[in-house]
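Input: a single structure, listed below in structure tokens.
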Amino acid sequence: MTDRRDEQHLPAAYRGKETAFIKHELLRAYLKRLFLIIGMSAQKLGITELCYVDGFAGPWMDESDDLGSTSIAISLGILDECRQELAKQGRAVRIRALYVEKNGVAFARLESYLRERTPSGIEAKPLEGDFVGLRQTILDWCGSKAFVFFFLDPKGWKPVGVKLLQPLLARPQSEFLITFMYDFVTRFVSKQDLETHMIELLGEVPNVGDLHGLAREKHVLGIYRNNLKQLMPAKARWPARSAYVRVLDREKERAKYHLVYLTSHPHGITVFMEISEALEPVQKLVRASTKQASRIEKTGQGELWTAVNMTDAEEQPVDIVEVERFWLAHLSDQPIKFGEAEFADLLEKTDWLPGDLQRALGNLIGTGKVCNLDAEGKRKSRFLHFEKKNGERLQLTGDE
Ligand SMILES: C[S@@+](CC[C@H](N)C(=O)[O-])C[C@H]1O[C@@H](n2cnc3c(N)ncnc32)[C@H](O)[C@@H]1O
């Protein structure tokens with residue numbers, strides 16, 4: 001991922017669609033890691049092709065010829081990097097991409113962009129029409145031997161309701177990144193309409209009772225994620241899993257949308273969450289910089305502090321004592337093994353970031369309450385090496 005922490009402003013092409021920058025940084029970083037990981041073991045996995053499907057491709061809010069701030073240009077660039085890297089490693093995997101767009105004007109631009117700018121060695125196809133109506137065509141294009149990453153990023157929420165996604169979710173060897181517009185669903189609707197919307201989006205009406213604000217948002221998101229997972233193929237060892245990133249409104253203290261990620265592999269969850277964690281400072285900086293720009297616009301006065309100086313004021317760290325309590329409740333006086341699957345379970349269950357879990361564990365090891373039976377010597381960070389072949393064993397020491 002590009003390290004933009006020191007930059008004071010986000011790229012000019014993202015002015016007015018600042019949150020898309022976070023989405024694109026995540027897409028950029030994750031797609032690359034994913035296709036390199038799968039590409040390196042393609043032969044072992046019986047996979048002959050890596051496919052990328054952009055279900056709501058655009059171009060959207062980018063009038064430039066290079067479409068630099070769109071998922072079209074970003075994904076093609078990443079696919080090209082992956083193809084070159086895999087070829088260098090002697091892994092010749094076919095890489096294809098499908099871009100679906102309903103709007104005629106946008107489609108014409110998409111078509112001409114792909115015709116003129118698709119990197120050599122990548123097969124890219126534009127497909128005009130409604131994503132929902134084209135689901136079977138999309139699946140036929142994917143075929144049965146490909147690993148497919150679906151990026152589903154509509155403007156609203158209707159085309160990504162649980163039931164509508166069912167045929168795609170049932171496809172094996174697939175991962176999904178879906179924009180979940182919670183804010184849109186609840187806006188300007190009567191109670192009865194809200195129920196209809198919830199059924200369309202989630203597949204059921206959530207019982208939100210007295211839940212408000214963040215608790216309600218998490219509950220609704222949890223139902224969406226669970227119902228999507230139910231429709232994915234699952235084997236006992238490879239249950240469907242999900243994680244998400246909360247993308248905040250560019251100015252207001254509320255979620256603009258969530259990027260919901262679905263996979264059948266624990267490694268997917270740990271990598272996705274590591275990338276989300278690395279994006280946290282970028283997200284803070286983008287928000288601080290946006291707020292500052294709008295203050296300057298309103299007052300007409302420059303400001304002494306740069307956006308970089310102000311990001312700390314936005315910090316809302318997790319309650320590390322709560323994370324420590326969680327670990328203590330999960331451990332016992334008998335050794336418990338934590339490999340990648342177990343660590344992914346914790347990430348999925350708690351929504352905490354990998355660094356939070358590691359930091360809290362480090363505190364408990366430092367104060368002698370927990371012991372990592374497989375750690376040789378003292379560690380300063382990453383107190384659990386869950387990625388080791390057999391994971392590592394943790395145990396309560398009994399010391400209060
Ligand atoms: C939010 S924009 C996509 C942005 C793009 N994914 C990106 O990151 O640069 C959504 C796009 O989906 C298109 N769209 C909306 N409904 C659609 C549908 N049912 N099927 C296909 N495309 C649709 C819109 O015309 C618009 O171009």
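By the Kirkwood approach, averaging reciprocal distances over each pair of separate Cα atoms, the chain gets a hydrodynamic radius of 22.8 Å.
In this simple spin-label model, placing a label point 7 Å from the Cα along the Cα-to-Cβ direction at both ALA236 and ARG216 gives a separation of 4.2 nm.
Accessible area per residue (1.4 Å probe, heavy atoms of protein chains only) ranks LYS155, LYS378, LYS17 as LYS378, LYS155, LYS17, with the largest value leading. Among the aspartates and glutamates, select those whose C-alpha is under 15 Å from the C-alpha of LYS378, and discard any that sit fewer than 8 residues away in the same chain. Straight-line reach from LYS378, under 15 Å: GLU392.
Note on the chain: dipole from Cβ charges, positive end direction compared against VAL286, TYR261, TYR14; the farthest Cα belongs to TYR261. Taking each residue as 0.36 nm, the span from SER190 to GLN395 lengthens on full extension beyond its C-alpha to C-alpha distance by 68.6 nm. To the nearest 10, the accessible area of HIS265 is 80 Å² with a 1.4 Å probe. With 21 Å as the limit, the listed pairs LYS229/LYS349; LYS23/LYS158; LYS102/LYS155; LYS158/LYS218; LYS88/LYS389; LYS337/LYS388 have LYS88/LYS389 beyond it between alpha carbons. Only the Cβ atoms of Lys and Arg (+1) and of Asp and Glu (-1) were treated as charged; on that basis the dipole of the chain about its Cα centre amounts to roughly 840 debye.
Descending by average beta-carbon neighbour count within 10 Å, the peptides 18-24, 166-172 line up as 18-24, 166-172, the highest first. Where only DSSP H runs of four or more residues are counted, the chain gives -14500 deg cm²/dmol as its mean residue ellipticity at 222 nm, each run worth -39500 (n - 2.57).
Take 210-216, 130-136, 254-260 and order them by the average number of nearby Cβ atoms within 10 Å per residue, most first; the result is 254-260, 130-136, 210-216. About its Cα centre, the dipole of region 320-396 is roughly 360 debye, where the only charges are +1 on Lys and Arg Cβ and -1 on Asp and Glu Cβ.
Going 7 Å from the Cα of LEU45 along its beta-carbon direction, which residues of region 150-186 have the amide nitrogen within less than 20 Å of the resulting point? Backbone N within reach: 150-152, 168-178. Solvent exposure of region 320-396, expressed per residue, is 52 Å² of accessible area, with all protein chains present and a 1.4 angstrom probe.
The values are calculated or read from the model by the stated rules, or taken from the named source; none is laboratory data. Since we're looking at a predicted model, the values are computed, not measured. Note that we place each Cβ from the backbone using ideal geometry, even for glycine, and neighbour counts take in every protein chain shown. Side chains are part of the model used for accessible areas, which takes the heavy atoms of the whole protein and leaves out ligands, DNA and RNA. Shrake-Rupley method; radii C 1.70, N 1.55, O 1.52, S 1.80 Å.
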